[in-house]
Every structure is written in structure tokens, then in C-alpha cells.
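Here the structure is laid out as C-alpha cells; the discussion comes afterwards.
The values are calculated or read from the model by the stated rules, or taken from the named source; none is laboratory data. Since the structure is predicted, the reported quantities are computational estimates derived from the model, not experimental observations. Here Cβ is always computed from backbone atoms with ideal geometry, including for glycine, and neighbour counts include all displayed protein chains.
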């Protein structure tokens, strides 16, 4: 484990702790308004200042951490389940099944992801649940291709061929023998995917299509603060740094895991 991976892991752990223990860590109620103290700069009473309604920015950022981590993890788990299932079926059975699944992946990739996400958000409406579902359903293609490539390689190894010769059921071979040995790239994908989902949620919330006020997220805190950037810099700086730190640390962790686990990501089926 190199130093950069350790640094990324340390920040990720801190972010997860903040998300889990948000009510304990936040010094004030993130919903409490105090217009008499609106747009107050950072101080002992408010370490990251207050917003346009007098709400404590630090408390809102801590609460937003829970939203971002929830969206990131759940969305990636959905995409991983879909991608792994389709990838292992395509790689193991091959032939017509493989062609159908992979041509479906190719067709899906021709649709701009951002356009698809925005279209679904407009159709379903903005909410945390809908964002999780939409990001999960639009980000499974890469993992499907990765898993397929791994399965095409692993199923030709002696132990996999021996399991087939011994008459093991295909389901047991696929999920009991092949999938565990193809899990390394899946883990790397999940790590990178969380950072991508966090960034997507922040972008949607910044545009007003994500998490809706009064529920705070890093994106909608940032979009509220942009109107006061000349007079209240802390409303833009701290949520921006939060997004950057989360995305950068998950990417560092993913890069470190890729080197540590050394998955053969360059193999093509």
C-alpha cells in the first residue's frame, strides 16, 4: 500500500465517519435558521460561517456528507450488480447471448450519459431515491465489459475447465469459481464509481435537479452560495473543497487498489 493510497483511504474513512455520525458531529441543527446572523464569516461560533438564512454551514456540510456517500455507494452497488450479472453471463455463455448483451452495451453507450440522466430526472422528478436509481441504471456498462473480459480469460483456466468436466452446475461455476477470481477489477470499479456518482449527484444538485432544499447536499449548498461569492466566499469554498476532497480521495484509493490488486484490465475478450 503506497503513501498516496494510504492518504486516500484516510480521507475516505473520515468522510464515512462524518456521514455515519453526522447528527453527533454537527454542532447545530442543519435546518435552524437565524436571519440575524446571516452571512456571518467563519468564527468560533460558526467555524465555516453561516449561509443566507443564518444556518451553520459546517452542520449543513456534515449532513450533506451523508447524502453524498449514500448516493455514491448505493448507486454504484446497483450498477455493479447489473454490470457483473450481464458481464458474467456474456463472458461465460458466449455466442449469441454474448452478442446480444454486448451489442446492447454498445447501443447504450451511444446515448450521452448526461442527456440520459437529465431526461430521466425530468421524467421521474428530483429526489435522493430517484438520483440513486438513475445513476445506478446509467453507469453499468463499463463494469459489464470489464467482467466479461475477465470471465473470458478465467473460464479457460484449468480449474474452471475441470469444474465443467466434473459436471458442476453452470451457476456454481459462474458464481462460485469464476466470479470470486474476477472480483479484483470489480472492487476497483466500485471505488472509482463512488467518486463518479458523488460528482454526478453534486452536479445535478448544483443545477437544481438533484437533492432539493431544505435537505442539504454539497451541490445545492454550492449553488446557493454562488450568488454571494463576492461577499461570502465561504459559501463556495467549503462545499467545493468537500466535493474535491471526496472525489480525489476515492480516485487515489482506486488507483492504489488497482496497483495493489494488479487486475489485468488490459485484457480484451
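Would you mind finding the one in 253, 199, 241 that is surrounded by fewer than 22 Cβ atoms within 10 Å (Cβ to Cβ), touching a helix residue (DSSP H, G or I) at 6+ places or on another chain (Cβ under 8 Å) and modelled with pLDDT of 85 or more?
Values: 253 fails: surrounded by fewer than 22 Cβ atoms within 10 Å (Cβ to Cβ); 241 fails: touching a helix residue (DSSP H, G or I) at 6+ places or on another chain (Cβ under 8 Å).
Answer to the selection: 199.
Do you know which of the residues in segment 164-179 that are free of Cβ contacts under 8 Å to residues at least 24 places away in the same chain and under 19 Å from residue 84 (Cβ atoms) is surrounded by the fewest Cβ atoms within 10 Å (Cβ to Cβ)?
Taking segment 164-179 as the starting set, the residues that turn out to be free of Cβ contacts under 8 Å to residues at least 24 places away in the same chain are 164-169, 171-172, 176-177.
Within this subset, residues satisfying the condition of being under 19 Å from residue 84 (Cβ atoms) are 169, 171-172, 176-177.
Details: 169: 11, 171: 9, 172: 11, 176: 12, 177: 18.
Ranking the qualifying residues of segment 164-179, first place goes to 171.
From the list 87, 8, 72, 54, pick out the single residue that is touching a helix residue (DSSP H, G or I) at 6+ places or on another chain (Cβ under 6 Å), part of a helix (DSSP H, G or I) and farther than 18 Å from residue 254 by Cα.
Details: 8 fails: farther than 18 Å from residue 254 by Cα; 72 fails: farther than 18 Å from residue 254 by Cα; 54 fails: part of a helix (DSSP H, G or I).
Result: 87 is the single residue among 87, 8, 72, 54 that is touching a helix residue (DSSP H, G or I) at 6+ places or on another chain (Cβ under 6 Å), part of a helix (DSSP H, G or I) and farther than 18 Å from residue 254 by Cα.
Could you check segment 126-148 and list, in sequence order, the residues that are crowded, with 23+ Cβ neighbours inside 10 Å and farther than 19 Å from residue 89 by Cβ?
131, 134, 135
Given the criteria modelled with pLDDT of 90 or more, more than 22 Å from the chain's Cα centre (by Cα) and either in a helix (DSSP H, G or I) or surrounded by fewer than 21 Cβ atoms within 10 Å (Cβ to Cβ) (or both), does residue 82 qualify?
Spelling it out, it is not the case that residue 82 is modelled with pLDDT of 90 or more, more than 22 Å from the chain's Cα centre (by Cα) and either in a helix (DSSP H, G or I) or surrounded by fewer than 21 Cβ atoms within 10 Å (Cβ to Cβ) (or both).
Consider segment 202-227. How many of its residues are outside any helix (DSSP H, G or I), surrounded by fewer than 20 Cβ atoms within 10 Å (Cβ to Cβ) and modelled with pLDDT of 85 or more?
Summing the residues that are outside any helix (DSSP H, G or I), surrounded by fewer than 20 Cβ atoms within 10 Å (Cβ to Cβ) and modelled with pLDDT of 85 or more in segment 202-227 gives 1.
Looking only at residues that are touching a helix residue (DSSP H, G or I) at 6+ places or on another chain (Cβ under 7 Å) and either closer than 21 Å to residue 65 by Cα or free of Cβ contacts under 8 Å to residues at least 40 places away in the same chain (or both) in segment 30-45, which one is surrounded by the most Cβ atoms within 10 Å (Cβ to Cβ)?
30
Condition first: out of contact with any helix residue (DSSP H, G or I) (no Cβ under 7 Å at 6 or more places or on another chain), modelled with pLDDT of 90 or more and buried (at least 17 other Cβ atoms within 10 Å of the Cβ). Can you find one or more residues in segment 58-68 that meet it?
Step one: list which residues in segment 58-68 are out of contact with any helix residue (DSSP H, G or I) (no Cβ under 7 Å at 6 or more places or on another chain), which gives 58-59.
Okay, now just the ones that are also modelled with pLDDT of 90 or more, so 58-59.
When the remaining residues are screened for being buried (at least 17 other Cβ atoms within 10 Å of the Cβ), the result is 58-59.
There is at least one residue in segment 58-68 that is out of contact with any helix residue (DSSP H, G or I) (no Cβ under 7 Å at 6 or more places or on another chain), modelled with pLDDT of 90 or more and buried (at least 17 other Cβ atoms within 10 Å of the Cβ).
Do we have residue 151 as surrounded by fewer than 23 Cβ atoms within 10 Å (Cβ to Cβ), under 30 Å from residue 97 (Cβ atoms) and in contact with a helix residue (DSSP H, G or I) (Cβ under 7 Å, 6 or more places away or on another chain) here?
On the way: surrounded by fewer than 23 Cβ atoms within 10 Å (Cβ to Cβ): no; under 30 Å from residue 97 (Cβ atoms): yes; in contact with a helix residue (DSSP H, G or I) (Cβ under 7 Å, 6 or more places away or on another chain): yes.
Taking the combined requirement at face value, the residue does not satisfy it.
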